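Enquirer: Have a look at this one before I ask anything.
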Amino acid sequence: MSETVSRRSALRLTAGAIAVAAAATGPLIPLTPAAAAGRPGAGAGPRVERLLARLTLDEKISLLHGATDPDSLGQAGYVPGVPRLNIPPLRLADGPAGVRITRHATALPAPVLLASAFDPELARRYGQVIGREGRALGQDVLLSPMVNTIRTPYAGRNFETFSEDPLLASDVVAAEIGGIQGEGLIATVKHFALNNQEKDRNSIDVRADEQTMHEIELRGFEAAVDAGTGAVMGSYNKVNGTFACENKTLLTDILRDQWGFTGWVMTDWFAAHSTAAAITAGLDMEMPDDTYFGAALKSAVRNGGVAEAYVDRAVRRVLSVMDRFGLLDGSAPPRPDRDAAAGAAVALEVAKAGATLLRNERRTLPLDGGGIAVIGPTGQLPFVSGGGSAHVIPDRADSPLDAIRARAKGTVTYALGEDLFGKAVPASAFSPALASEGQEVAAGKTWEYDGTLTAGEDDEWTFVLHFSSAATARPKVLLDGEELFPLAAGYGEYFSGGLVALAPDGLGVRRKTVQLAEGAHTLRITADGGDSGLLFRLRRITGATRAQDLAEAVHAAQVARHAVLFAYEDATEGLDRTTLALPGHQEQLIRAVTAANPRTTVVLNTSSSTSMPWLADTGAVLQMYYPGQEGAAATAAVLFGDSDPGGRLTQSFPVDDDHHPVAGDPRRYPGVDGTEEYSEGIHVGYRWYDAQGVRPLFPFGHGLSYTSFAYSDPQAHWTRGGLEVTFTVRNTGRRAGTEVPQVYVGRSPDVRLDQAVRVLGGYRRLALRAGERRRVTVRVAARTLSSWDAQHHRWTLGTGRRTVWVGASSGDLRLRTSAQVDGRGDGGHR
Ligand code: BGC
């Protein structure tokens, strides 16, 4: 059974259970021009109209929902075409970090790492890789990019999206879509909208006022529409009381009437909730099946519940995009071959460009020579991509340890430190004997074990089950009558992480921690060999094995000149984190290793921010997120200084669980009684820290280089409808390096709407040689200088004298000047 199929059944289990004003002053800026002349796909052409006239109702409906692909490549979705009229089928594949099918593809770094480069041109090339591969791998539609705002540090998909800042997110999404679609693959911006947490994502009602929505979450989607995205995916959650996939405000008033979107809107997987309400609100396609948009739609049309004009409208939107991509008249370029080498090169470049050096004391980095102890499970086992629909089967993935060995000129040792997959249980613990390191059950056979497991002392045991078959067929293990690995309800089985859910040899893994008293415990295991046989192992991690792993790591660090400790946190859609602490016993490991060797670098393979109570004990901290298939080489290149760490944080890192924008108020996060309130309003991310005067651990925009930079001579003035900010950056160190100067703009004295203390107005990624100086001009568009006026439902420019800062992060503002914003000229809206 393919993963897609098993996931569908897992999702089906839950399908049944799933259940805007202050007065403004200042000139009003017109809305984005709807359906701008010349924009691709601005209207249905004659070919589409001719087809529409010939399609039967059944054929039309078949274009509006997903179906089973007779020739599936393991992609997420399929829409059969209409062969009679030469309308080809559509294959739809995830996702954000590469093409996800059941074949190998380039596993690119997580989108958050891409955004960390602050380099839209790189995002375009990232998109190009996926665009070309998607077409080469038989796909027509990519279910990506995701542009939801990073609002809560706990959200399980923060690695799949870009930023807490709407300008940066808009720039990256627009460029990436340009790259994807330039290769002939249709992009799908997702998840529209306010899908900012995974907890209760199928049912949560997210309440946000109109100003907040437009200024924060919606800007990235609007940028995607402006960039010509062919499709939009509606989110699972409700928005202000109505499911996003049947929300007329979102799907028609904003998307169509305000932004002029002409492509089609599909649901997220199993996110449809109705037939008539959804199609009239503006939904065009149900995925991945036909619960509401199949027979139910046909009978609604037949009995007058839905006017056929709505069906025509939706079909027209789908066919228009297909026509625009040359899929209706055979004018689409032939499918190219994969270019795995080019994909790998971009994957490496992005991982290096986004690598974010958070701390570097006592010249810990770059490393020189050898005498290095590599520690941590992800030091050896490469952490390639996150879990859920963002997981890609990589072409290859090297071990960071090997990459460090290849680069170091001297000894490199390794210690596990933290055990993810368990150690063999001593044979003497089982009575009668159990082949716990490899029990095979033949196809069609059942197998049983009835015995005892004896613990030598009172201890905490983490049982680790490795199994070869589909999760649903794994063995049942009962300890003292309690089932250790029960099947999780709904999404639980599918969304179990990108790294920890699979053993290095590909077996599935589940864990369970129990307190085990000294003595004998009854153990009963039943297993079914199913159609293809079953192999399983039962391992354990105990206090004693943990102490041993810790001692080995400490010893390795003690005798080395440098320690490089890889720490992980494994995120997936469908789940949020419950703490910002690193999972397992990693904090203890970091404390012990840094105590043994202060020249310790912690490399973080984490999805988003983590708290770092151990920070002051470290020499350096390098944030690599999920670095993709070339992560090992990229990490080594940065550690040794072959590449300057050019990444900057796209989200503020909080000090701890009590000091961040959604802390302390369950209505804000994770929601109360099914409702979550965006009560921080427009003060998301660094805007909140600035408004509240709270210091984050690391501010938005932070990231160190191996060299240093000086900023000088700021000037700012209003010209051609935007602010032009000019300043000088000089590399004051002795090596070449990358700097990302950022321009922030303060409040308008003329606007009586809520305003952030300051917002990112623009940025520039610069590579400067030692001693080189560069005069830089950054343009701040009128849109960024505007507030959304909810009373008049439009943008209003923040005129008057506004403070302008230039700095190395939102917390490191080096220069200050001001400029008069007068509103003359057309400032553009991004
Ligand atoms: C995710 C989407 C994804 C879809 C298809 C859903 O669970 O939320 O992002 O595109 O599955 O795999």
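The values are calculated or read from the model by the stated rules, or taken from the named source; none is laboratory data. Quick caveat: nothing in here was measured; it's all calculated off a predicted structure. We place every Cβ from the backbone using ideal geometry, glycine too, and count neighbours over all the protein chains shown. Side chains included, ligands, DNA and RNA excluded: accessible areas come from the protein's heavy atoms. Shrake-Rupley method; radii C 1.70, N 1.55, O 1.52, S 1.80 Å.
Enquirer: Label-point separation (nm) for S203 and D812, each offset 7 Å from Cα along Cα-to-Cβ?
Expert: It works out to 4.6 nm between the two label points.
Enquirer: Follow-up question, since we're still on this one. Stretch H793-R695 to full length: gain in nm at 0.36 nm per residue minus the Cα-Cα span?
Expert: 31.9 nm
Enquirer: Out of residues 5 or more away from H521 or on other chains, whose amide H comes under 5 Å of its own, with H placed 1.01 Å from N in the peptide plane?
Expert: Here the answer is L453, T454, A455, since their amide H atoms fall under 5 Å of that of H521.
Enquirer: Would you please put 164-177, 580-593 in order of how densely packed they are, using the mean number of other Cβ atoms within 10 angstrom per residue and starting with the highest?
Expert: Most protected by this proxy first, the peptides run 164-177, 580-593.
Enquirer: Among 85-91, 452-458, 605-611, how do they line up from the highest to the lowest mean number of other beta-carbon atoms within 10 Å?
Expert: Those peptides, ordered most packed to least, come out 605-611, 85-91, 452-458.
Enquirer: Is segment 41-324 rounded, prolate or oblate when judged by the Cα gyration tensor, a ≥ b ≥ c being the square roots of its eigenvalues, rounded requiring a/c under 1.5 and prolate requiring a/b larger than b/c?
Expert: oblate
Enquirer: Using a probe radius of 1.4 Å on heavy atoms only, what accessible surface per residue do you get for the chain? Whole Å² is fine.
Expert: 34 Å²
Enquirer: Quick one: what does P(r) look like for segment 98-209 with 10 Å bins over all Cα pairs, in whole %?
Expert: Values per bin, smallest distances first: 15, 45, 31, 9, 0.
Enquirer: Take the Cβ-Cβ distance between V514 and D71 as r, set R0 to 60 Å, and report the resulting FRET efficiency rounded to the nearest 0.05.
Expert: Once rounded, the FRET efficiency stands at 0.85.
Enquirer: Label segment 644-770 by shape, choosing from rounded, prolate and oblate, from the square roots a ≥ b ≥ c of the eigenvalues of the Cα gyration tensor; if a/c is under 1.5 it is rounded, and otherwise prolate applies when a/b is larger than b/c, oblate when it is not. Mind dumping the intermediate values first?
Expert: Details: a/c = 3.16, a/b = 1.52, b/c = 2.08.
Since a/c reaches 1.5 but b/c is at least a/b, the shape of segment 644-770 is classed as oblate.
Enquirer: So for segment 205-302, what are the equivalent ellipsoid semi-axes in whole Å, largest first, each being the square root of 5 times an eigenvalue of the Cα gyration tensor? Each step should come with its number before you reach the end.
Expert: Details: eigenvalues 109, 44, 26 Å².
For segment 205-302, the ellipsoid semi-axes come out as 23, 15, 11 Å.
Enquirer: Here is a follow-up. Does a label point 7 Å from the Cα of L615, set along Cα-to-beta-carbon, have any residues of segment 671-697 with amide nitrogen under 17 Å, and which are they?
Expert: 685-690, 693-697
Enquirer: Just want the answer: with Cβ charges of +1 for Lys and Arg and -1 for Asp and Glu, which residue in T229, P598, S399 is farthest toward the dipole's positive end in the chain?
Expert: It is T229, whose Cα lies furthest towards the positive end.
Enquirer: Non-local amide H neighbours of F653 (under 5 Å, H modeled in plane, Pro and chain starts lacking H): which ones?
Expert: For F653, whose amide H was placed from the backbone, the distant partners under 5 Å are L697, F698, F700.
Enquirer: Next question. Need one number: nm distance between label points at D656 and S331, each 7 Å from Cα along Cα→Cβ, rounded to one decimal.
Expert: Going by the 7 Å Cα→Cβ label model, 6.3 nm.
Enquirer: Between beta-carbons, use under 14 Å as the cut-off and find the net charge around P96, counting Lys and Arg +1, Asp and Glu -1.
Expert: On the way: positive: R100, R157, K190; negative: D94, E133, E160, E176, D268, E573.
Neighbour charge sum, excluding P96 itself: -3.
Enquirer: Sum up the charges of everything whose Cβ sits under 12 Å from the Cβ of D368, counting Lys and Arg as +1 and Asp and Glu as -1, but leave D368 out.
Expert: Neighbour charge sum, excluding D368 itself: +4.
Enquirer: For the chain, what is the calculated [θ] at 222 nm in deg cm²/dmol (nearest 500), taking -39500 (n - 2.57) for each run of four or more DSSP H residues and dividing by its residue count?
Expert: Calculated at 222 nm, the ellipticity per residue is -6500 deg cm²/dmol.
Enquirer: While we're looking at this one, here's another question. Could you sort 304-310, 705-711 so that the peptide with the highest average Cβ count within 10 Å comes first and the rest follow in order?
Expert: Packing order, densest peptide first, comes out as 705-711, 304-310.
Enquirer: R591 versus A547, label points 7 Å from Cα toward the beta carbon: distance in nm?
Expert: Rounded to a tenth, the inter-label distance reads 1.7 nm.
Enquirer: So if I place +1 on the C-beta of Lys and Arg and -1 on the C-beta of Asp and Glu, and nothing else carries charge, what would the dipole magnitude of the chain be about its Cα centre? I want it in debye, nearest 20.
Expert: Using only the charged Cβ atoms, the result is roughly 2620 debye.
Enquirer: Apply the Karplus curve 6.51 cos²θ - 1.76 cosθ + 1.60, θ = phi - 60°, to the phi angles in segment 786-799 and return the couplings in whole Hz, x for Gly and Pro.
Expert: 10, 10, 8, 8, 6, 5, 9, 6, 7, 7, 10, 6, x, 7
Enquirer: Calculate, in nm to one decimal, what T732 and E49 gain on full extension: separation in residues at 0.36 nm each, minus their alpha carbon distance.
Expert: Gain on stretching T732 to E49: 239.6 nm.
Enquirer: Taking θ as phi - 60°, what are the ³J(HN,Hα) couplings along segment 259-268 by the Karplus curve (6.51, -1.76, 1.60), each to the nearest whole Hz, with x for Gly and Pro?
Expert: Karplus-based 3J(HN,Hα) across segment 259-268 equals 9, x, 5, 10, x, 10, 10, 10, 7, 5 Hz.
Enquirer: How much length would be gained if the chain were fully extended between A342 and R824, taking 0.36 nm per residue of separation minus their Cα-Cα distance, in nm to one decimal?
Expert: Contour length minus Cα-Cα distance gives 169.0 nm.
Enquirer: Round to the nearest 0.05 the FRET efficiency obtained for R84 and A581 when R0 = 35 Å and r is the Cβ-Cβ distance.
Expert: Values: r = 59 Å, r/R0 = 1.68.
Computed FRET efficiency for R84 and A581: 0.05.
Enquirer: Based on DSSP, what percent of beta bridges with both residues in the chain are antiparallel, to the nearest 5?
Expert: Bridges in the chain are about 70 percent antiparallel.
Enquirer: Return the tail of the calculated pair distribution for segment 423-545, meaning the percent of Cα-Cα pairs more than 26 Å apart.
Expert: Summing the P(r) of segment 423-545 above 26 Å gives 17 percent of all pairs.
Enquirer: Could you sort out which of K199/K248; K352/K423; K60/K238; K238/K512; K352/K512; K190/K298 sit more than 26 Å apart by Cα distance in this structure?
Expert: Beyond 26 Å: K352/K423; K60/K238; K238/K512; K352/K512; K190/K298.
Enquirer: Give me the Kirkwood hydrodynamic radius of the chain in Å, from all C-alpha pairs, to one decimal place?
Expert: 27.9 Å
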